Each structure stands twice: as structure tokens, then as C-alpha cells.
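First the structure, in the form of C-alpha cells, and then the observations on it.
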DNA sequence: TTGTCAATAAATCAATTTCGTTGATTTATA
DNA sequence: TATAAATCAACGAAATTGATTTATTGACAA
């Protein structure tokens, strides 16, 4: 028998759900007047009035915009996200650099710190996160400090398995260590899923409810969005697209990753967005092989899940990413795909910053996103509760 | 921006959701007393009393069981599904035979009719469904007739693509034709997804919230269950595991299907569950190749979705199915799977009848299952509403 | 061994709270 | 003056809490 069951619905959770829904609509659509919110949610105008009144009182929405005139009738008063409504820390653990950002409720990066390294080491990362957080938080007023929702961490899983130098990660629980050291709620998810979450929350293009997302950096990963929700999976390892098996007994990230390109070049590529100036033959081969494995993984995932869109992004110059998108779309069309409707293939909109932004999106999502079904009782103040599961300690990552 | 949004929550939908949740708990766990329901749902005892009172009055639950004594305190009064609470028609369109069943609310097959054919043809199937339905319904009382929720159809998609003889299916909409001819709500889904739904609803073993399901018949297909819900996908083509690309430029069903085995043998295999008496060499080769592609597809899907279990079932003798399960588990363990936790592999519990049962499960699910989030307003009587989307006409199947 | 009674837990009754809806009203614009 | 946004006031649905009823077990005394 199926053990866990969808949660029962209780009236208290209604309000929380509807509050989150309204915040999410405004996040994706930009400032919206109450009438449009009522229309989009299906709620009555009165309910929207009540909910937004509370959200404004809580400092999460801002009614200070210009009234929009033009049509007959009373002018529209658009409600916008209040940037100071909540603040979030995001930590990315990367192969070559760790980054810490402070992001506001509107999704803007307010502050940033970085720590380059030969290989990420748990002690160094922890110390960096603690000291850099202290720096960032020192610049805040007491009121802002009270609105810090927590920290999210974007990190590859099974780090110790990827290189001998990263063995010290085995047995470490960075989430718990930082939660203790900072006395904050801390979330940790796969870096690919985080990048995907960032695209979903902060991406600048319209997205369907369901899509597959690849993120190519030194490790290749990804994420899956189904019915408008990021799939994490029971052991938090969904979207492990780098481990997707591809023809030739390999996995996707053996072929399609920046590491592969670097080892073929014999040199490290620059971290910032300069052009990469690659030898045409090397470039062509990498593109072809990457497109081959990406299209294979995409087609398999689409067969299993029925997805209309595949998004490809990565820590690379936009031109290279776009070439990869084109090559993958072409490879996909050339593959036998009987019984499957080919998805659109498109570039992501966030590039190099996706994982770090996605890390900060974790506390944002836990506190302010509609969430699956109703899961947690409504807390005294919105943003302290978690609709999804709170990050457990003892996770086997 | 994401277009479709999670529906707003309104009090009316609470009751519908909670009613469905309670029915689902009893369906999976067997008869349960009110106290256990309150415990499992998190609802108060009072709420459970109110909800079950209505469900009993509606004829969906039966409080007639034996009181269970043994512990201190008032004895438990288990509530069971009322078999006559609702009735469902299920139609399977198979490669060699079509089947129509009448299934009751408890999941028991009450009546069955079959139509063998060289190839399924739309006109013949429609006529069979109409006349056989009339026969089955003729045996019902007026009261039972009023409790018929509708018909579900389990059919492969893109039938016209699989053999020249099935070209007449192009442009046909069997769902709409039967809805009109029978004046009943009719649902249609991929036969693999239906088999998966049947395992989920009527399977005799405990299942996790998330699993991948393969169903091997003449066409190979499957289904995906995520967070306790069957994934259908925006174009209803999720779980198309037969179309999963596998090494060698093939798709899964080019290798792992009963058709492949038959064409290798040069003869048709019996439809009922006699032993198949296959030459050992042929058997071994088919098992090895099938296990290879099944494990490839399973590993890819697990990488994308993080699933703890893979279920394999099919229209074949139990011994063969079990051998396939063992071979697939072994192939899986022998594949490179860095970064992915291998899933358990297990045989399904329904075998040859899975698709037909799953067809009947479609109206059951639409009327009585918890459904994603709240989607449709509560109807005058439970079972006439649809929480998920009603089957549209004009679908591109 | 048997009869009585307290302890226990299920199920129900009554009162209350949360939250959304409906219909009337106010407000600002073309 | 017509129109549409936004709010006010009254109402209804569904859940919760705390008190009450009901049926059983187990202990203790006759």
C-alpha cells in the first residue's frame, strides 16, 4: 500500500495556499492589480482584497505604484512585490569557486562574495560561508535582519566520488553544520535542481508547466519541472541528468561537461564571461558529442514524462550555449522518435549565475511558493513555515 | 511566465478532497475504523465522523462490518468500501483481442466480454463496445445503472503507425464516438498508463509514492507514478516507455516486447496463461536483450526522477515475467550508475488483466481519487465531478 | 468463580473559528 | 451617465475544540 498520503485539507491552509499563489502570480507576471489577481486565481474580488490587505500589512506587497488609467472605470492599482519583504542567503559550491549572495524578495542580488579554490573543501567552504554571511548581514538594519528567511545551498551530490581531492566531503553534512553555525534554517539541494529552480522563479521568459532543464558546468546536471513544481524526489536526487546513461556505456557528464572540454584543451577556461576562443575542430567535436548525448537523455526523459520543452543552460559564454542548443535540437530531429512528440529546445536565461540564484531560491520557495498540496500548518507569520518538507539532517548525500 | 497556475483553494473543495482521501485510504489499506482514518489524515475525529456519515449515506462506504474488540475501550467499527457504490466499464484495445469489463467500486470484475481480432479495427471495436456494454448493463438493476460512472478505454496511442493494417485508426476519436454512442462520460489513456493505474489502485502489494512501471505486451509501454499520482502529461503521452531510446539507435519496444519474441519464434503465442514452452536459446537471448534495454530505460528514468522502485509486468506467464525481473535487476547492477541509487526491481501483481482493469480505473480515478490539487467544484453527488481534466475531444492521438 | 466499577478509547454533540462567497455600496475615471 | 475597481456587511461551508455518550477491558472484592 502506498504509505505517505496526500495531506488532508483544512481551512487554515487555504489562506496560506492562496497567499502563496498570489505572490507567485505577481512574481511571474510583474505587478498586478487586484482585479487581475481575482481573474487569474478564480477567487472573488473580496477574497483578494482580504488576502492582499494582509500581505501589504506583512510588508510582502507594495501598493505604492502608479494607478493605471486609460480604460473606463476606476483606475487599476497594481500591486508589486516589496523588495524588502524578505531576504535570502544563497551559497553555491562550485568546482572552481564558491559564491555567497544576499538576494531580496524581488529576486535582486544585493551583495555577493566569492571564494576561488583548486578543489572545494568542506572546512574552507564552511568558514567562508560563516564569515561572508557575517559581512553581508552586518550591512543590514535590524528590521532587515529580522526578515532573513534562511540560507540555501546549491551543491553537487556525492562530491567525494568525483575526485580524490574531494574525499573530505564524505560523511559531512554542510547543511546541518551551517544551520548550527549560523542559527538559521538552511536548505541544500543538488546544484542542477537549484539552477532549474532559478530559471523557474527568476527566468525572463515564459515557461510551460512542464519542462526538462540541463545545466552544464564542470559537473553536468539538471532539473525536472512537472505541473509547475520542481521535482526533488524522495532522496532529493531527481534531475541527476549528468548520470543519465548514454550509448557507449557512458554517462552524460562523461561527454557533455565543461570538464570534458577543458581536459581536451589541456587548459582551464576563464570563469567570467569572456569569449572562450576555442579551436574550431575541438569545438565542433565537443558540440557534436554533447548534442548526441543531450538529445539522447532529452528524448528518453520526454518519452517517460511527456514534456513540451527542454531548456539548456550552463556556465559558459552565451554564444557557445546557443550553439549547443542548436546542435541538440538538430540531433533530436535526426533521432528515431516514433511515438514521441519532439520538444522545443531553448536556451536558459540566467547563465553563469543560475546555481547561486537558485540556492537563494530555496528558502524563498519553502516560505513563499504555492507548494505541492497543503502540507504544513500556517505559522504566525508567512515565510517561517515550510510547505514542502524541511531539510532533514542525516541525509545520505 | 508559467501559464496554468495551481488552482486557488476554496472551502467547498476541501470536503471533496477529504472525501476522496478517505476513500483512497480505505481502498489501499482495506476496511478502517474512523479513529484510524483521523490518525492517517490528520483530520479531527469529528471531521471524520461528518465525512464518513455522508459517504455512508451516499452508499460509498459500508459500516456493516464486525466490530473489532481486543483493546481497552469501545471496539473499533471498520468502514469498508461498498461494492455497489459505483460501477465502471473498462475497454482494452489490444493487439490480438479487445476486452470489456464491468468493475465494481471494490475493484472486482463483475462481467467480462472479449473480441479476438487479427488487427484491431475502429469500427469493429466500437460496435463491440456498444453491444457488449448493452449486454452487461442489461443485467443491472435500475439502481445499479444509475451508479455507472462511465467508461475508460486503454489503448495504445498512434495505432496507425504500428502496422499498415491499422491505418483506419488515423483521425478516429474512439473516446468521443463511444461517449456519443453510449451517452456516458468516457476517458481514454495510453494502455501502459492504464496498466500502471491498475497496479496502483488494485495491486496487492505495498507500493511507494514514486515508481516506474513497465508493461510488456505486443506493444511495450509503461507508466510513471510521482508523489502518489499517475503522471499523464500535457499531451497525455507520459509513460511512453516503449519509445524510450536505447543504445543501437533503437527504441525499447524494438527489443523488449512480445511481438519481438513472436517474430523470432515465427509463431503466435497463446493468449491465456499456459506455459509458453520456448526454446532455451531463444528465451535466453530475448531475456538478455530485453533486460539490457529495460535496465537502460530504467536507469535513465531514475536519474531524471529519483525513483526507489521499478515494477515490471506484462501479458506473459508469471515465470517468464519473473525471469525478466531477475535479468533486469542483474543488468542494472552491472551498468555504470555513478551518482544514482539503484532502484528495487519487482514484478507487478496483476499480469494479463492489468490494462483492462486500468481502463475501468479511469472513471474511478476521475470521480473518487484525491487528484492533484483541487481542480473542480464539488458536484451535487460525489462521483459525477472530475478533479483532473475531463478528457477533451480533438486530442491528437 | 463471579459481580461490580474504574479506566480507556471510539464516536458523537454543541459551540466556535477561519475563510471564502454573494450582493449592495463607494470611488474614480472616460 | 456608464463602467469598472475596490470595499462593506451578511452569510455559509467546513474544520476545530471541549464536553458527553457508549462499549469494552481489567482489577478488586465477595
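The table below gives the values:
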quantity: Yes/no for residue B:8 being part of a loop (DSSP other than H, G, I, E, B), crowded, with 17+ Cβ neighbours inside 10 Å, within 15 Å of DNA strand D (Cβ to nearest atom) and facing chain A (nearest Cβ under 7 Å); calculated: yes
quantity: Subset of the range A:60-77 [surrounded by 15 or more Cβ atoms within 10 Å (Cβ to Cβ) and more than 10 Å from DNA strand D (Cβ to nearest atom)]; calculated: A:60, A:61, A:62
quantity: Number of the exception - residue A:43 against (1) part of a loop (DSSP other than H, G, I, E, B); (2) within 16 Å of DNA strand C (Cβ to nearest atom); (3) more than 14 Å from chain B (Cβ to nearest Cβ); (4) at pLDDT 85 or above; calculated: (3)
quantity: Counted residues, the range B:50-68 - those being over 14 Å from residue B:370 (Cβ atoms) and within 14 Å of chain A (Cβ to nearest Cβ); calculated: 2
quantity: Verdict on residue A:94 being within 30 Å of residue A:174 (Cβ to Cβ), surrounded by 14 or more Cβ atoms within 10 Å (Cβ to Cβ) and out of contact with any strand residue (DSSP E or B) (no Cβ under 6 Å at 6 or more places or on another chain); calculated: yes
quantity: Single condition residue B:369 does not satisfy, out of (1) within 16 Å of the chain's Cα centre (by Cα); (2) modelled with pLDDT of 95 or more; (3) crowded, with 22+ Cβ neighbours inside 10 Å; calculated: (2)
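The values are calculated or read from the model by the stated rules, or taken from the named source; none is laboratory data. Bear in mind the structure is a predicted one, so any value in this text is a computation, not a measurement. Heads up, the Cβs are rebuilt from the backbone with ideal geometry, glycines too, and the neighbour counts pull from every protein chain shown.
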